[in-house]
1. Return the total of residues in the stretch 127-138 being under 21 Å from the mean Cα position of the chain (by Cα) and open to solvent by 30 Å² or more (accessible area, probe 1.4 Å).
2. Exactly one condition in (1) of a type in the set (Gly, Ala, Ser); (2) free of Cβ contacts under 8 Å to residues at least 40 places away in the same chain; (3) crowded, with 17+ Cβ neighbours inside 10 Å; (4) within 19 Å of ARG181 (Cβ to Cβ) is not met by GLY215; state its number.
3. Only residues in the stretch 155-167 that are acidic (Asp, Glu) count as the first member; pair them with residues that are open to solvent by less than 70 Å² (accessible area, probe 1.4 Å), Cβ under 6 angstrom, at least 6 apart or cross-chain, and list the lot.
4. From the residues in the stretch 21-65 that are at pLDDT below 95 and aliphatic (A, V, I, L, M), which one is most open to solvent (accessible area, probe 1.4 Å)?
5. Which one of VAL311, VAL283 is touching a residue at least 12 places away in the same chain (Cβ under 8 Å), assigned to a helix (DSSP H, G or I) and either β-branched (Val, Ile, Thr) or under 30 Å from PHE73 (Cβ atoms) (or both)?
6. Do you know which of the residues in the stretch 6-33 that are among the charged types (D, E, K, R) and touching a residue at least 12 places away in the same chain (Cβ under 8 Å) is nearest to SER313 (Cα to Cα)?
7. I'd like the residue in the stretch 142-157 that is over 15 Å from THR30 (Cβ atoms) and not in a loop (DSSP other than H, G, I, E, B) and, out of all such residues, is farthest from the chain's Cα centre (by Cα).
8. With the checklist (1) within 19 Å of LYS78 (Cβ to Cβ); (2) at pLDDT 95 or above; (3) surrounded by fewer than 24 Cβ atoms within 10 Å (Cβ to Cβ) in hand, flag the one item ALA141 doesn't pass.
Amino acid sequence: MLNKRNPQLNRQGELIHLLSIEGLPRDVVTHILDTAGTFLSVNDREVKKVPLLRGKSVFNLFFENSTRTRTTFEIAAKRLSADVINLDIAKSSASKGESLLDTIANLSAMHADMFVVRHSESGAPYLIAQHCAPHVHVVNAGDGRHAHPTQGLLDMYTIRHFKKDFTQLSVAIVGDLVHSRVARSDIHALTTLGVPDIRAVGPKTLVPGDFQGMGVRVCHDMAEGIRGADVIIMLRLQNERMSGGMLPSAGEFFKHYGLTEDKLRLAKPDAIVMHPGPINRGVEIDSSVADGTHSVILPQVTFGIAVRMAVMSIIAGNEA
């Protein structure tokens with residue numbers, strides 16, 4: 001049975017869907033991170049597979065484009081020995097007027113065991129989780145401006161890998177926060193894991209008004225926002241989500257909020273620089289920083305496969 005207070009959990013408090021980091025207990029988040037650590041070694045094997053999802057069917061339902069996220073989910077599922085079905089939604093029945101729930105019902109009739117869902121509408125994965133069969137698990141791969149929980153989790157894994165202890169950190173999240181589901185997932189995860197100093201850094205037009213209510217310090221000055229930071233998470237400008245007038249120009253944004261080597265010197269000497277990708281060089285981050293010694297952007301990608309393996313293996317092992 002579902003936990004009525006949190007549809008991601010069963011009555012035993014076990015994870016059966018991953019829809020959002022918001023509301024997840026700290027022990028559930030830590031269990032995912034710990035499990036991901038056990039999967040990292042799979043990357044080093046000659047045969048990069050474990051049999052945990054053998055015989056299971058994982059359907060990648062990407063109603064919104066994302067080559068990077070879909071690819072890492074596909075790799076993760078195949079390394080767990082699942083059968084992976086990638087649906088071209090643009091050419092599917094959804095584009096012919098079929099409702100989301102009718103699409104899900106038809107795919108469930110094909111004996112799906114897990115749906116990995118990316119959708120432009122906030123809440124779509126919740127709707128699917130409410131209406132799919134009890135044995136089917138749902139993973140949110142990004143919904144609207146709401147959440148991107150596996151990106152948040154892989155960001156936490158990266159921070160823990162390089163910084164060990166969350167409880168002494170200052171973390172700055174910089175850029176287009178108003179359109180970023182990653183920022184919201186990161187903030188919920190950082191709060192859950194006990195980070196005492198979380199800063200949202202960007203122009204007034206790109207920082208949501210409700211962030212202060214989430215226990216975040218809002219900084220509209222880049223120098224103030226990253227001074228003394230242990231971790232800097234840069235976000236890209238999501239031009240595809242913007243209406244006109246939010247920014248004068250990309251060049252103006254880079255001048256004030258782009259991360260350069262000079263600005264990076266304001267952070268701690270051992271600060272790490274992260275980015276969920278794709279990177280816009282010369283817009284939110286300078287190439288010398290993206291490719292520099294403080295950057296952990298490529299390890300994030302590697303850790304992301306292990307984290308997504310962890311999520312899928314955990315939820316598949318729990319009964320609704």
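The values are calculated or read from the model by the stated rules, or taken from the named source; none is laboratory data. The structure displayed is predicted, hence computed values, not measured ones. Here the Cβ positions follow ideal geometry from the backbone for every residue, glycine too, while neighbour counts run over all protein chains shown. Note: accessible area is taken over every heavy atom of the protein model, side chains too, but ligands, DNA and RNA are not part of it. Shrake-Rupley method; radii C 1.70, N 1.55, O 1.52, S 1.80 Å.
1. At the first step, the residues of the stretch 127-138 found to be under 21 Å from the mean Cα position of the chain (by Cα) are 127-129, 137-138.
Pick out the ones that are also open to solvent by 30 Å² or more (accessible area, probe 1.4 Å) and you get 127.
Counting residues in the stretch 127-138 that are under 21 Å from the mean Cα position of the chain (by Cα) and open to solvent by 30 Å² or more (accessible area, probe 1.4 Å) gives 1.
2. With respect to (1) of a type in the set (Gly, Ala, Ser); (2) free of Cβ contacts under 8 Å to residues at least 40 places away in the same chain; (3) crowded, with 17+ Cβ neighbours inside 10 Å; (4) within 19 Å of ARG181 (Cβ to Cβ), GLY215 is out only on (3).
3. That search, which allows pairs on different chains as well, returns ASP155/ASP186.
4. VAL47
5. On the way: VAL283 fails: assigned to a helix (DSSP H, G or I).
The conditions single out VAL311.
6. To start, the set of residues in the stretch 6-33 that are among the charged types (D, E, K, R) comprises 11, 14, 22, 26-27.
Filter once more, so that each one left must be touching a residue at least 12 places away in the same chain (Cβ under 8 Å): 14, 22, 26.
Working: GLU14: 12, GLU22: 20, ARG26: 19 Å.
Per the stated criteria, the residue is GLU14.
7. Filtering the stretch 142-157 for residues over 15 Å from THR30 (Cβ atoms) gives 142-148, 150-151.
Filter once more, keeping what is not in a loop (DSSP other than H, G, I, E, B): 142-143, 147, 150-151.
On the way: GLY142: 7, ASP143: 10, ALA147: 7, THR150: 4, GLN151: 2 Å.
Ranking the qualifying residues of the stretch 142-157, first place goes to ASP143.
8. (3)
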